[in-house]
Every structure is written in structure tokens, then in C-alpha cells.
Amino acid sequence: MRTIRRGGVRGYDAGKKVLGRKRHLLVDTDGLILKVRVHAADVQDRDGAVTVLDQLDASLASIQLIWADGGYGGPKLQGWLQQRFKGRPPQVEVVRPNPAQKGFAVLPRRWVVERTFGWLHLFRRLSKDYEFRTDSFEAFIFIAASKILLARLAKPSL
């Protein structure tokens with residue numbers, strides 16, 4: 001995510017060609033945010049996943065399967081999960097595109113978190129990173145998620 005010229009934690013991801021910050025979300029199958037972490041863009045995705053998954057506590061101990069993007073694959077993350085969750089670590093299933101596919105294709109289960117990012121971008125304060133501190137930006141993500149939840153609850157059932 002691009003940051004404005006205000007300062008704070010920033011970095012450059014040469015692979016994605018992004019100067020600013022990265023956001024990592026852990027969402028449920030409905031796209032509701034469970035955990036979030038924001039950090040400089042120069043942190044690799046696998047290392048960012050560790051910072052999000054390290055927040056899992058007893059209330060989320062029932063998570064058994066995590067669908068992830070290709071950037072989160074590799075033995076390093078799986079090894080860390082084995083060490084962190086000694087009893088029953090959640091499995092990470094990396095959703096990869098079909099090699100024979102040409103052009104755009106919706107990948108199964110990966111669209112859920114992309115849809116959540118789309119919902120968050122509807123909020124002006126989250127369209128760019130205006131915050132100096134990453135924890136302030138995380139707080140605004142939770143505020144936006146709360147507003148989305150309240151709108152769902154207020155919607156009349158048919």
C-alpha cells in the first residue's frame with residue numbers, strides 16, 4: 001500500500017515494485033477480519049504471515065486450515081507453524097493458479113481475502129496510508145471492519 005510523504009515505517013518491495021507498507025489479513029470464510037498486521041513493504045510475505053499467525057490465541061485455536069497466496073508458501077512457514085503450535089498446527093494450503101490457464105481466472109478461496117481488501121478500500125481513510133504509525137493503520141482497519149459488520153446486522157432480513 002502506498003504511503004503519503006508523511007514519514008513513519010516504510011519500505012520497498014522490489015518484487016511488487018511497491019514503496020510503502022504491506023497489510024496481512026487473516027479472515028474467515030465470510031471475509032470477516034480475525035487478525036491484521038501492517039509493516040514495511042521490505043518484509044517478505046512469509047515473514048509477514050508469521051507476525052499475523054503469532055497473534056493466534058486460544059479463542060482461534062480451532063483453525064485447522066489456512067488458504068494462502070503463493071507468496072506464503074515454502075517450508076519456512078510450515079516449520080514455524082510446527083514449532084509454534086506443537087499439538088495441532090493449522091495446515092497451510094497454498095492456492096496456485098493452473099499452469100495451463102491463460103489470462104485471468106478466479107482462484108478458489110483466494111478471492112475471499114481480495115474481496116475483504118475491496119471492502120476496506122471503500123473507506124477513504126484506508127485508500128492510502130495516511131498514518132504515521134502502523135498500529136494506527138491497523139486500528140482504522142478494525143474500525144472499518146466494525147462498520148461493515150454493523151451494516152450487515154442492520155440489514156433487514158427478508
Checklist outcome for this item: Under the rule rounded for a/c under 1.5, else prolate if a/b exceeds b/c, else oblate, using alpha carbon gyration tensor axes a ≥ b ≥ c, segment 101-158 is classed as oblate
Next on the checklist: With Kirkwood's inverse mean 1/r over C-alpha pairs for Rh, give me the Rg to Rh ratio of the chain, two decimals please.
Outcome noted: 0.97
Checklist entry - Dipole magnitude of the chain about its Cα centre, charges +1 at Lys/Arg Cβ and -1 at Asp/Glu Cβ only, in debye to the nearest 20? => result 460 debye
Checklist entry - What is the count of Lys pairs in the chain whose alpha carbons sit under 27 Å apart, if the two are 8 or more places apart or on different chains? => result 20
Item to check | Distance from segment 121-149 to segment 37-52 (C-alpha centre basis), Å | outcome: 17 Å
Item to check | Choice from K22, K76, K35 showing the highest fluctuation, given a GNM over the chain with Cα pairs closer than 10 Å | outcome: K76
Checklist entry - For the chain, modelled as a GNM with alpha-carbon contacts under 10 angstrom, which of A41, A61, A144 fluctuates the most? => result A61
Next on the checklist: As I understand it, the dipole of segment 1-143 uses +1 on the Cβ of Lys and Arg and -1 on the Cβ of Asp and Glu, about the Cα centre. Which of V94, I141, G8 lies farthest toward its positive end?
Outcome noted: G8
Item to check | GNM result for the chain, Cα springs below 10 Å: residue of G70, G31, G15 fluctuating most strongly | outcome: G15
Next on the checklist: Within the chain, which whole H helices from DSSP have a Cα span along their axis of at least 27 Å and a mean Kyte-Doolittle hydropathy of 1.0 or more, if any?
Outcome noted: 134-154
Checklist entry - Roughly speaking, what is the stretch gain from R96 to Q44, that is 0.36 nm per residue apart minus the C-alpha to C-alpha distance, in nm to one decimal? => result 16.9 nm
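Taken together, the values in this text are just the output of simple stated rules run on the coordinates, not laboratory data. Quantities reported herein were computed from a predicted structural model and do not represent experimental measurements. Using ideal geometry, Cβ is built from the backbone for each residue, glycine included, and neighbour counts are taken over all protein chains shown.
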